[in-house]
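*Asks:* Input: one structure, supplied below.
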Amino acid sequence: MPGQDSLSAIINTKTVTPQHALRAVRSGDRVYIGSNCGQPETLCRALVGRRNELSGVELVHLIVFGEAPYLAQGLQESFRHAAFFVGPNSREAVQAGLADYIPVFLSDLPRLFNSGQMRLDVALIAVSPPDEHGFCSMGVSVDIGMAACKNARTIIAEVNPNMPRTLGDSFLHVSDIDFLVPVDAPIIEHLSRDVDENSEAIAQQIATLIPDGSTMQTGIGRIPSAVLDALSDHNDIGIHTEMFSDSLIHAIRRGNVTCRKKSLHLNKVLASFCIGTRVTYDSINNNPFFYFAPTEYVNDPWVIGQNDRMVSINGALQVDLTGQVVSDSLGPRPYSGIGGQVDFIRGAARSKGGKPVIALSSTAQGGNISRIVGKLNDGAGVVTSRGDVHYVVTEHGIAYLHGKSIRERALSLIRIADPKFRESLLEEAKQLGYIAKDHPPVSDLPMEIAPRWIETRSGQEILIRPIRPTDDQLLRKHFYSLSPEAVRRRFNRMVKSLDNRTIAHLVNVDFHRHVGLVATQKHEEAEFLIATGRYFLDEGSNLAEVAFAVLDEWQGQGIATKLLSELIAIAKRAKIRGLVGYISPDNLSMVHVMQKTGFPTEERLEDGMRCVTVWLEDPKDDSGATDGTPLPDRSSP
């Protein structure tokens, strides 16, 4: 390493004007431009200033948020633009065929440079001033810039005192830089759009998937910002992400993000670049809590998978009923890029307790178009294959697809589509042969019936949630795991089997006349149904018959009590007068469950059964008497 005197001499010798430095660019060269908010705008303007002297220069980069003067009309002979990620300032040119889009996984992109497949002649970057040892930080945009600099013939650096000095594997020594161009200008800032009601609803769904101590990948935009806001009650969240913005800084300041429970890069936010405002730039400057590293490391699925409980959150433009995800194009027209979506989905899938999430609004164009579709638009590019997809989340719920059949995927995705499109999606699924022609309608799930984790008397955590059309196999397994005595008590008669039609009736509920809940236990992603609770409403009497079934080994744990409590809450919101249970005379425990709700109860014998009514509203009818009150139709299975 050179001494102070020689270091100063090196810096003085290499410090030149932008115009002098850009003489290094020749016609036919391929030039890398520092990307995101780290674009060297002064160097770009100087390069365009040589437009009359140059021809056939190819410019490559990720998305850029600053000016893109090389895309101006009339410069196509001088410069050809090639984006690895299409941004707003290049989208029109790319879609018109005047610029190129190169689809590639972000983790693979540096390999294009390192292997020589994509030869680089010049790299234009922006860095912080050199420290006393001569090291410049690549600041807000390490990403693929490090690989570009390692492979370029000439490196030209815009040296800006406003560039944050980010720590980690983010430094270049001045001896490795060919030209230093002093610039004193603000770093490009990007303010994310305000979080809207729809994004908040999606974020609340995603937040239920993120346990304390998880490590997250998130980005910019309304949904990622809303997710970080939705974690206000979470603790010790870690971050391993290719990028972040101001919303992460706010989560850190609230104390939700600490990185204290990470299994990789403990106590560090690991990232490749950031896009934000001065709030972010001031926070990361010389801050050892943030570790910046090149894309080939941060986005490596094998590295990502070393984080326990890794949750990746990525967006989509369209998802078909089999789970194929479109996220970089609108039909045949490039819109954005592959980026790191697949890298993090595959990394999170390898993680112990990991959860790869695709998040999207259920509609587009003001609610006029469904983003969940039977068939993808002609020419649409699949970024994430259906084999990679695990969770898909909209404002209407969560669909878990991994390891599921096409039928189960279609039903799950229809369930979280916008309600006004569900009927047409169901019909399309039938026409495509994904589900049977006689499948009943997919009901609208009221958002207030949310999944709820509870603790049994023995301290085990179980999930109570609404029953789904895709629970047919779980319910069938549950039924055949019940003892004959439990079956008799559930159906008030001996039932040896459940045919497909009955199963379909029990899992396809409308949450009005028929409400069904299940209690499940999960081992990683495997789910086991341990109890069911449901009611059938008789609209004439406005009374509902309740029925429960609990596996023998789980009885005595208070599960039926919890299920009944949830059903009562639902029935109260629906203004149902009461819940009626027809209970075998020897089933004293169920009688006790019905009697201890805190609501008035009434008991009588009917057809040899103990009929217990839990009154949720005044039990008196218009005549002031309860005798002779019509009871629910008991014909439902």
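FYI, it's all coordinate maths here, none of it is from the lab. Quick caveat, the model's predicted, so the values are computed rather than measured. Note that we place each Cβ from the backbone using ideal geometry, even for glycine, and neighbour counts take in every protein chain shown.
*Asks:* Specify the angular offset, from 0 to 90 degrees and rounded to the nearest 10, of the alpha carbon long axis of helix 341-350 from the longest principal axis of the alpha carbons in the chain.
*Replies:* It is inclined by approximately 50 degrees.
*Asks:* For the range 316-389 and the range 108-139, write down the distance between their C-alpha centroids in whole Å.
*Replies:* The range 316-389 and the range 108-139 have Cα centres spaced 31 Å from each other.
*Asks:* Name the residues whose placed amide hydrogens come within less than 5 Å of the amide hydrogen of ILE144, ignoring near sequence neighbours (fewer than 5 apart) on the same chain.
*Replies:* For ILE144, whose amide H was placed from the backbone, the distant partners under 5 Å are THR295.
*Asks:* Skipping prolines and chain starts, which residues have an amide H placed within reach, meaning under 5 Å, of the one on GLY354, given they are 5 or more residues away or on another chain?
*Replies:* ARG309, MET310
*Asks:* Report which label in (1) 27.6; (2) 29.0; (3) 30.3 holds the value of Kirkwood radius over Cα pairs in Å derived from the coordinates of this structure.
*Replies:* Here Kirkwood radius over Cα pairs in Å agrees with entry (1).
*Asks:* Could you derive backbone 3J(HN,Hα) for the range 141-151 from the dihedral phi with the Karplus parameters 6.51, -1.76 and 1.60 (θ = phi - 60°), listing whole Hz in sequence and x where the residue is Gly or Pro?
*Replies:* Result, rounded to whole Hz: 9, 7, 5, 9, x, 5, 5, 4, 5, 5, 10.
*Asks:* Right, next: Please name whichever of ALA429, PRO440, ILE464 sits farthest to the positive end of the charge dipole of the range 414-488, dipole taken about the Cα centre and charges placed at Cβ: Lys and Arg +1, Asp and Glu -1.
*Replies:* ILE464
*Asks:* Where a Cα-Cα gap under 29 Å defines reach, which lysines qualify for LYS14, not counting those fewer than 8 residues away within the same chain?
*Replies:* Partners found: LYS150.
*Asks:* Ok, one more. What value, in deg cm²/dmol to 500, does the helix sum -39500 (n - 2.57) over DSSP H runs of n ≥ 4 give at 222 nm once divided by the residues of the chain?
*Replies:* -7000 deg cm²/dmol
*Asks:* May I ask which residue of PRO186, SER199, PRO164 lies farthest towards the positive end of the charge dipole of the range 164-205, with charges of +1 (Lys, Arg) and -1 (Asp, Glu) on Cβ and the Cα centre as origin?
*Replies:* PRO164
*Asks:* If you count the DSSP beta bridges with both ends in the chain, what percent of them are antiparallel, to the nearest 5?
*Replies:* 50 percent
*Asks:* For the range 4-182, count the residues as N, evaluate 2.2 N^0.38 Å, and divide the Cα radius of gyration by that value, please.
*Replies:* 0.99
*Asks:* Which cross-chain or sequence-distant (5 or more) residues have an amide H under 5 Å from the amide H of ALA123, H modelled 1.01 Å from N in plane?
*Replies:* Sorted by chain and number, the residues that satisfy this are TYR32, THR154, ILE155, ILE156.
*Asks:* If the only charges are +1 at each Lys and Arg Cβ and -1 at each Asp and Glu Cβ, what is the size of the charge dipole of the range 452-615 around the Cα centre, to the nearest 20 debye?
*Replies:* Charge dipole, the range 452-615, about its Cα centre: 260 debye, nearest 20.
*Asks:* Would you work out the charge dipole size for the chain about its Cα centre, treating the Cβ of every Lys and Arg as +1 and the Cβ of every Asp and Glu as -1, and quote it to the nearest 20 debye?
*Replies:* Using Cβ point charges on Lys, Arg, Asp and Glu, the chain gives about 960 debye.
*Asks:* Counting other beta carbons within 10 Å of each Cβ, put TRP615, TRP453 in order, fewest first.
*Replies:* TRP453, TRP615
*Asks:* Could you please rank ILE156, ILE464, placing first whichever residue has the fewest other Cβ atoms within 10 Å of its Cβ?
*Replies:* Details: ILE156 27, ILE464 21.
The fewest-first ordering by Cβ neighbours comes to ILE464, ILE156.
*Asks:* Normalising by the residue count of the chain, find the relative contact order in percent from Cα pairs under 8 Å and 6+ residues apart.
*Replies:* In percent, rounded to a whole number, it is 8.
*Asks:* Of LEU360, LEU529, LEU266, how do they rank once you tally other Cβ atoms within 10 Å and put the fewest first?
*Replies:* Going from sparsest to densest Cβ surroundings: LEU266, LEU529, LEU360.
*Asks:* Expressed as an acute angle from 0 to 90° and rounded to the nearest 10, what is the orientation of the C-alpha long axis of helix 406-415 relative to the principal long axis of the chain?
*Replies:* That helix lies at roughly 90 degrees to the long axis.
*Asks:* Something else: Measure nothing but the geometry: give the 0 to 90° angle between the long axis through the Cα atoms of 472-481 and the longest principal axis through the Cα atoms of the chain, rounded to 10°.
*Replies:* It is inclined by approximately 50 degrees.
*Asks:* Another question about this same structure. Report ³J(HN,Hα) in whole Hz for each residue of the range 586-598, in order, from the Karplus equation J = 6.51 cos²θ - 1.76 cosθ + 1.60 where θ = phi - 60°; Gly and Pro get x.
*Replies:* 8, 8, 5, 5, 6, 4, 4, 4, 5, 7, 9, 6, x
*Asks:* Still on this structure, I have one more. Can you work out ³J(HN,Hα) from phi for every residue in the range 495-504, in order, using Karplus 6.51 cos²θ - 1.76 cosθ + 1.60 and θ = phi - 60°, giving whole Hz and x for Gly and Pro?
*Replies:* 10, 8, 7, 10, 7, 4, 5, 5, 4, 4
*Asks:* Now for a separate question. Give the residue list of GluC sites (Glu not before Pro) in the range 34-109 that are DSSP loop and have at most 12 other beta-carbon atoms within 10 angstrom.
*Replies:* Filter output for the range 34-109: GLU53, GLU77.
*Asks:* Give, rounded to the nearest 20 debye, the magnitude of the charge dipole that the range 214-320 has about its Cα centre when Lys and Arg contribute +1 at Cβ and Asp and Glu contribute -1 at Cβ.
*Replies:* 340 debye
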